[in-house]
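Read through the structure below, which is laid out as structure tokens, and then see the notes.
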Amino acid sequence: MSRIGKKPVPIPEGVTVEWKGDQIVVTGPKGTLSYRPHPDMKIEIDTEAREIRVQRPNDLKFFKALHGTTRQILNNMVIGVSQGFRKELEVVGTGWRARMEGNTLVLSVGYSHDVRVEPLPGVSIAVEGQNKIIVTGIDKQKVGQMAADIRAVRPPEPYKGKGIRYVGEKVRRKAGKAGVKAA
């Protein structure tokens, strides 16, 4: 049995969870998210205990995988509308910087041109100083995708360590040339 799928999802104060047609709608102080679960998954919203429980119809491998996934998506929705999600990136490189122009992130990262990144709907980007980028939003999937898109502009390289990386990410460094002598 899925250990994650068995855990109930707690619903904090100020968050409402309800069925609207075939979708689950989660509303909280930060916004509203909706999700259409698989029709065979049984989802119970207990308003007295303030929790959501997910059950699968049988022990087929497909439903075992879907059980924990469905529960975790619902948990991320509840956390998103109550607290929100945040990813931090840093730009490492001499003369490399990030800045905001309106709603657009502009990256100067060693190319002959500046790279412009438009945020996804429901995601906001902020820049602290010249080298720290903060991506925030209520949808964990969109926040992670936006951070990955920004990092993909210039991923960290292993020789000098330059690039855009997540805060706290360890870049595995390689040794450069050993200095070959001419004969």
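Every number in this text was worked out from the coordinates using simple rules, so none of it is lab data. Just so it is clear, the model here is predicted, and its values are computed rather than measured. FYI the Cβ positions are ideal-geometry reconstructions off the backbone, even for glycines, and counts take in every protein chain you see.
On C-alpha positions alone, give me the angle between the axis of helix 140-153 and the longest principal axis of the chain, in degrees, nearest 10.
Helix 140-153 and the main axis of the chain meet at about 10 degrees.
Report, in debye and to the nearest 20, how large the dipole of the chain comes out about its Cα centre when Lys and Arg carry +1 and Asp and Glu carry -1 on their Cβ. Mind showing how you got there, number by number?
Details: 32 positive and 19 negative charges, 253 e Å.
My answer is approximately 1220 debye.
For the chain, what Kirkwood radius comes out of the mean inverse Cα-Cα distance, in Å?
19.2 Å
Can I get the semi-axes of the stretch 3-82's equivalent ellipsoid? Compute them from the C-alpha gyration tensor as square roots of 5 times the eigenvalues, in angstrom, largest first.
Those come to 21, 13, 11 Å.
Inverting the mean 1/r over all pairs of different Cα atoms, compute the Kirkwood radius of the stretch 45-102 and quote it in Å.
Result for the stretch 45-102 stands at 15.5 Å.
Dipole of the stretch 3-82, Cα-centred, from +1 at each Lys and Arg C-beta and -1 at each Asp and Glu C-beta, to the nearest 20 debye? Could you put the intermediate results ahead of the total?
Values: 13 positive and 9 negative charges, 83 e Å.
Dipole size: approximately 400 debye.
Would you look at the GNM of the chain, springs on alpha carbons closer than 10 Å, and say which of P12, P156, P57 moves the most?
P57
Would you mind ranking D149, D59, D114 by Cβ crowding within 10 Å, fewest neighbours first?
With the sparsest Cβ surroundings first, the list reads D59, D114, D149.
Against the longest alpha carbon principal axis of the chain, how many degrees, from 0 to 90 and to the nearest 10, is the axis of helix 61-82 turned?
On a 0 to 90 degree scale, this one is about 80.
Based on Cα coordinates alone, diagonalise the gyration tensor for the stretch 106-183, multiply each eigenvalue by 5, take square roots, and list the semi-axes in whole Å, largest first.
Rounded to whole Å, the semi-axes are 32, 14, 10.
Run the helix sum for the chain: -39,500 (n - 2.57) per DSSP H stretch of 4+ residues, divided by residue count, reported at 222 nm to the nearest 500 deg cm²/dmol.
Values: 3 runs with 40 residues, N = 183.
Counting only the DSSP helices, I get -7000 deg cm²/dmol.
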